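Taking it in order: structure first as structure tokens, then the write-up.
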Amino acid sequence: MDIVIVGNGKIGHAIAEGLRRARPSWPVRILGRSDDCAPAGEADVVLLCVKPLQVRAALASLAPALKHDSTLVSVAAKTTLAFLRELLPQGVGVVRAMPNLPVSELVGMTALACESDATGIACAETIFAAMGRTVRVEERLMDAATAMNGCGPAYAYVIVEAWIDAGIKLGFSYETSRTLVAQTLLGAAASVLASDEHPAALKTAVTTPAGCTIEGLMQLEDGRIRSTIVRAIIAAAKA
Ligand SMILES: NC(=O)c1ccc[n+]([C@@H]2O[C@H](COP(=O)([O-])OP(=O)(O)OC[C@H]3O[C@@H](n4cnc5c(N)ncnc54)[C@H](OP(=O)(O)O)[C@@H]3O)[C@@H](O)[C@H]2O)c1
């Protein structure tokens, strides 16, 4: 599969890095603004990784060059399939993807949506599944996916930062605290993915009666952590 990434910014670079690690044999080229877009005309899949307001201009030069049986996968937030379809030649498949930056570490999470005839969705799934997990969603849920997994790493980093600070306050070095926190979160996430149990049941297993976990949980509840997280993600989805 010949892949061209258009847009050498944060997510374009992360996808290029992820594919280089996961599938070193795949030919992947990344094009910046000043590069000739001719390689996009030879690609089976073009990943459009520009800002939403840059999509129209990028496609004005790219679209005429695309192979008629190729697929354009756009990661631009808020940019609908209908809008993209208008700018593309007949025969070119179109898919929306909402990945996140950990694709570079092969632990990305990507939501995918496509038109009803579904041309190209299997290619998009193959590409993003090589760098983590994928889910197919209805297009109406793509803004929600942006808030859930696209923006999600930023929410996790705020929690990680505060948690590391707690470790430092308790006497650990920054490096030790960072390892304690990041590996604990990785373990919790792995347990959620590996188990059919609801997170509430997993939490109960950690919570000894009259123990220290319940003391910490009570402080989190006093800080309204649940409603804060729910409201934050809903606000991001509506932004
Ligand atoms: N960052 C994330 O975590 C993330 C996650 C999921 C989805 N997204 C989506 O991904 C898109 C890009 O986000 P980003 O954070 O990667 O932004 P970014 O860092 O600003 O990257 C966009 C890149 O595209 C380049 N570009 C613009 N027009 C171009 C053209 N015609 N040909 C080639 N390159 C062109 C820009 O160059 P200039 O700097 O010269 O303009 C810039 O390097 C957005 O639509 C966003 O919604 C981002």
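Throughout, read-outs are computed from the coordinates displayed, never taken from laboratory work. Since this is a predicted model, take the numbers as computed values, not measurements. Note: ideal-geometry Cβ built from the backbone for every residue, glycine included; neighbour counts use all protein chains shown.
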Positive-end residue, the range 1-114 charge dipole about Cα centroid, Cβ charges, pick of Ser25, Ser104, Gly91: Ser104
Over 22 Å between alpha carbons, listed pairs Lys169/Lys203; Lys10/Lys169; Lys10/Lys51: Lys169/Lys203; Lys10/Lys169
Formal net charge of residues neighbouring Leu59 (Cβ-Cβ distance under 12 Å; K, R +1; D, E -1): +1
Among Ser34, Pro64, Val135 - extreme Cα towards positive end, dipole of the chain, charges at beta-carbon: Ser34
Extension gain, Lys51 back to Ala210 (0.36 nm per residue minus Cα-Cα distance, nm): 52.1 nm
Calculated from backbone phi, Karplus (6.51, -1.76, 1.60) coupling profile of the range 38-44 in Hz, x at Gly/Pro: 3, x, 5, x, 9, 7, 7
Dipole moment magnitude, nearest 20 debye, the chain about Cα centre, only Lys, Arg, Asp, Glu C-beta charged: 400
Local net charge near Val45, Cβ-Cβ under 13 Å (Lys/Arg +1, Asp/Glu -1): -2
Summed residue charge, Cβ within 11 Å of Thr126's Cβ, Lys/Arg positive, Asp/Glu negative: -1
For the range 1-51 versus the range 186-239, the gap between their alpha-carbon centres in whole angstrom: 37
Dimensionless Rg over Rh [the chain; C-alpha; Kirkwood]: 1.05
